[in-house]
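K.L.:
Below you'll find the structure I mean.
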Amino acid sequence: MLFSCLTSARFNMYATVLNQGPTAPGPTEDPEGHWVDKQDPDTGEITRVWTADDNPTEAGEQRRIIPCIVRGVIDGGIRVAGTTESYTPSGVYNSVDFVKMSFPANVKLNKRDRITNITNRQGEIIWLEEEFTSAPTVFDVMGVTPVVDPFGTHVENFALLQRAEVQNG
């Protein structure tokens, strides 16, 4: 892969974006189809998947792979630490994991997206559900912030990711 600038050369990882966008995939992807709500048999979670009209029983997934750099949150702040553990007022134990992701300015993410399959250049998955199935960890996008250089040019984006409560593994 040829990089056009030093900023893009720092994105030495890849991640899969799972999207449930409000509209169908663009005309170059699959113009003939419709959205179908499916229920995950293990978790009961309802997800929207794009189904092609030529085969309505076989649902497709809206996946795309983006270059990025993802780092765990290892330093604390006032409220943020890589893993936060607490008890809710009802006495339920709550463990939340956060990671930071930087990605190119031309990549669009929003809070409806999920990130999974975070790999290095060799294709090795970095975040796994080791206690359960060793499946890739799924993260929710908590928010996206544009990053600009000193001249005001949008050079990359930053997103805070939180481990999704329901994992697909």
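Nothing in this text is a laboratory measurement; each read-out follows from the coordinates by a stated rule. Worth saying up front: this structure is predicted, and the values here are computed from it rather than measured. All Cβ positions, glycine included, derive from the backbone under ideal geometry; neighbour counts span all protein chains shown.
K.L.:
Grab the Cα-Cα distance for ILE69 and PHE151, subtract it from 0.36 nm times how many residues apart they are, and report the gain in nm with one decimal. It would help to have the intermediate numbers written out before the result.
P.N.:
On the way: separation 82, 0.36 × 82 = 29.52 nm, distance 2.30 nm.
In short, 27.2 nm is gained.
K.L.:
Suppose each label sits 7 Å from its Cα in the direction of the beta carbon; what would the ASP37-ARG10 distance come out to in nanometres?
P.N.:
4.2 nm
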